[in-house]
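Take a look at the structure below.
Bear in mind that the values in this text are calculations on the coordinates, not laboratory data. In this text the structure is predicted, and so the values were computed from the model without any measurement. All Cβ positions, even for glycine, are placed from backbone atoms using ideal geometry, and neighbour counts span all protein chains on display.
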Amino acid sequence: MNEFLQRLNALSWDACSQWLVLIPSGVMLLAAAAAAALRNLIHAALCLTLSFIALGIVFIALGAEFVGLVQLLVYVGAVAMLIVFAILLTRPSDLAGAKSPFAGLGPVGGILTGAGLLVALLAFIFSSPVAKTALPPAPVAPVAKIGELLMGSYIVPLQVVGVLLTAALIGAAVLAMEDKQP
Amino acid sequence: MNFFALPVHFVQAPNELKAWFLSLLASFGVPAWLLVVISAVLVIGTIIGVFLVLFALTSVLERKILARVQNRYGPNRVGPCGLFQPVADGIKMITKEDLVPRSADKIVHFLAPVVMMVPALMVLAILPYGRDMVPAELDAGILYFFAVGAGTEVAVFMAGWGSNNKYSVLGAMRAIAQMVSYELPLIISAVVVAMVTGSLAPSAIVTAQGDFAFGFFPGWYVFTPWGFVACLLFYIAALAESNRCPFDLPEGESELVAGHLTEYSGFKYATFFMAEYVGMFAICGLLVTLFLGGWQAPLPFLTIVPSWCWFFGKVAFVAFTMIWVRATLPRMRIDHLMTFAWKFMLPMSFAAFLAAACWHYAGRGPLAWALSAVIVGVPYLVLGNHFTARFSVTNRRYQFSE
């Protein structure tokens with residue numbers, strides 16, 4: 001009886017895995033475009049959050065379960081809240097007089113920058129030796145394996161990042177501390 | 001020969017029922033893709049149904065328990081002992097006028113209750129409700145719980161901002177600050193369990209707690225020194241995460257009307273209410289899974305009781321203690337709340353972390369017990385002394401109700 005259920009589960013995954021990638025990708029692109037285009041800052045921030053969520057779902061659908069969940073935890077739980085708090089804590093008048101040094105370039109500048117970045121990335125991707133080799137079978141990356149790698153081969157980078165974040169935390173606390181001297 | 005071994009059909013009733021129903025449909029020639037859909041709908045429908053019934057029951061039982069603690073009757077008019085009160089409440093909520101402030105951000109105001117409900121229901125997917133009863137068997141189930149649960153903060157912010165009301169924004173900012181602060185001890189105390197088990201899968205964590213020491217003493221993590229501390233920390237942080245008393249100051253009536261819920265009425269308010277309670281059950285379920293042995297029976301001969309009965313029994317017990325706490329403790333002040341999170345909960349969760357690591361490397365025997373007890377006990381005494389040094393703690397004198 002259990003085999004019957006297991007077969008069903010495997011079937012359901014095969015049938016919809018393609019759509020599980022395509023639909024969130026579309027949502028992600030639309031939400032990102034909306035985040036760039038909307039005038040209302042809060043709406044833009046919420047659309048950005050939506051595109052973070054969709055990106056997490058794309059990762060999960062592609063089999064990178066751990067990365068997808070961490071994407072949700074960090075970007076939706078922390079980064080989105082950080083952006084929202086930054087908007088809440090700055091008054092609109094702070095932004096009224098502010099002008100970007102590149103504002104004179106207008107939309108042409110934006111399009112040129114984006115196109116330049118796209119060309120540079122594409123050139124880099126197609127010239128890389130990785131693109132010329134055939135795709136290996138998708139690696140299976142259980143969470144335990146990722147944990148072992150992080151705690152084994154990649155322990156030094158992990159610790160360095162940890163130290164960096166601790167330094168940032170202490171720096172933020174120092175900035176927020178009240179000045180005792182008159 | 002085990003006299004208590006029952007036919008699997010009884011203990012595994014929900015699973016057997018589903019498999020029987022699906023194979024029945026298959027014999028009628030229903031195509032496989034439709035079976036997949038039906039199978040998923042069956043599971044999801046059952047979970048949503050069970051938790052909505054639990055929510056309805058709890059909403060009336062909570063008021064009854066609070067009333068009992070406060071020496072009054074509580075709801076007792078609708079149905080036997082007031083048990084149909086949720087029905088009356090539901091009719092009232094649905095028929096009430098849905099007010100939207102004129103200057104509100106209409107879309108955000110409308111979407112907030114929906115966004116609140118989605119993570120509350122989604123986190124239910126990874127809880128092991130019984131033996132072989134995990135709706136979604138995820139390798140990183142615990143991570144999934146916290147990742148999806150992060151959506152709640154977005155919903156609270158949307159509710160506060162969308163209402164365009166200063167009380168709503170203040171309440172939402174308080175709620176988010178509190179959730180972010182208490183998420184740290186919550187996640188660290190869950191990580192302790194994942195570390196000792198060596199897995200983030202909830203079913204593996206439950207299985208690891210299934211042994212009985214000396215043949216009768218359950219091997220639940222709460223019965224180890226580090227597990228006891230982590231369990232208490234997780235419980236306190238869970239209270240704060242679900243915005244329950246004594247951490248319910250985002251909705252402190254006396255200063256903020258109702259916080260981010262101020263501008264909500266009718267069914268939208270009911271949705272928030274429901275999401276909060278379902279979220280509370282979910283986090284109680286996670287606490288039971290992590291520390292109280294999940295669906296494992298407390299004594300060997302009690303394994304004849306179906307595993308899902310144990311799970312829901314334990315969840316009901318933890319939820320009851322949360323109601324009890326609400327009836328007993330006054331609301332905290334915002335600065336006390338933050339101080340408590342950062343200066344007490346966080347160091348204690350690190351101590352539990354260290355104690356668990358020592359417990360593991362000292363061989364999990366009596367020596368490990370003593371070592372980890374010292375590692376969590378010393379910081380507790382030091383921190384406790386530090387924070388209570390300014391107050392003289394004496395027995396309370398009752399002036400009116402003696």
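Overview of values
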read-out: Pairwise centroid distance, computed over Cα atoms, of region B:118-158 with region B:229-285, Å; value: 17
read-out: Average Cα contact separation per residue, region B:52-140, under 8 Å, 6 or more apart, as relative contact order %; value: 13
read-out: Computed Kirkwood radius, in angstrom, where 1/r is averaged over Cα pairs of region B:214-360; value: 17.2
read-out: Ellipticity estimate at 222 nm from DSSP helix runs (n ≥ 4, -39,500 (n - 2.57)) divided over chain B, nearest 500; value: -21500 deg cm²/dmol
read-out: Burial ordering of B:358, B:81, A:47, fewest other beta-carbon atoms within 10 Å first; value: B:81, B:358, A:47
read-out: Cleavage-rule hits (trypsin sites (Lys or Arg not before Pro)) in region B:308-397: DSSP loop, at most 10 neighbouring Cβ within 10 angstrom; value: B:390, B:396, B:397
read-out: Largest to smallest principal axis extent of the C-alpha atoms in region B:1-146, angstrom; value: 58, 45, 36
read-out: For region B:89-230: span of alpha carbons on each principal axis (Å, largest first); value: 66, 32, 28
read-out: Percent of Cα-Cα distances greater than 40 Å, calculated over the protein assembly as shown; value: 34
read-out: Centre separation in Å (Cα based) which lies between region B:331-390 and region B:33-110; value: 38
read-out: Difference of contour (0.36 nm per residue) and Cα-Cα distance, residue B:76 to residue B:354; value: 95.1 nm
read-out: Residue-averaged beta-carbon neighbours from other chains (10 angstrom radius) around B:136-146; value: 4
read-out: Region B:113-197: relative contact order as a whole-number percent, Cα under 8 Å and 6+ apart; value: 25
read-out: Rg(Cα)/(2.2 N^0.38 Å) for region B:102-343, N = residue count; value: 1.05
read-out: Kirkwood Rh and Cα Rg combined as Rg over Rh, evaluated for region A:140-182; value: 1.35
read-out: Cα convex hull volume per residue for region B:296-338 (Å³); value: 100
read-out: Number of partner chain Cβ atoms within 10 Å, mean per residue of A:39-52; value: 2
read-out: Test item: A:56-65 mean partner chain Cβ contacts at 10 Å; value: 1
read-out: Inter-probe distance in nm under a simple model that places probes 7 Å from Cα toward Cβ, at residue A:120 and residue B:212; value: 6.7
read-out: Fully extended contour minus Cα-Cα distance, from residue B:107 to residue B:392, at 0.36 nm per residue; value: 97.4 nm
read-out: Viscosity 0.692 mPa s, temperature 37 °C, Stokes-Einstein D of region B:12-95 from Kirkwood C-alpha radius, µm²/s; value: 208
read-out: Note, ³J(HN,Hα) from phi for region B:311-316, Karplus 6.51, -1.76, 1.60, rounded to Hz, x at Gly and Pro; value: 4, 5, x, 5, 4, 4
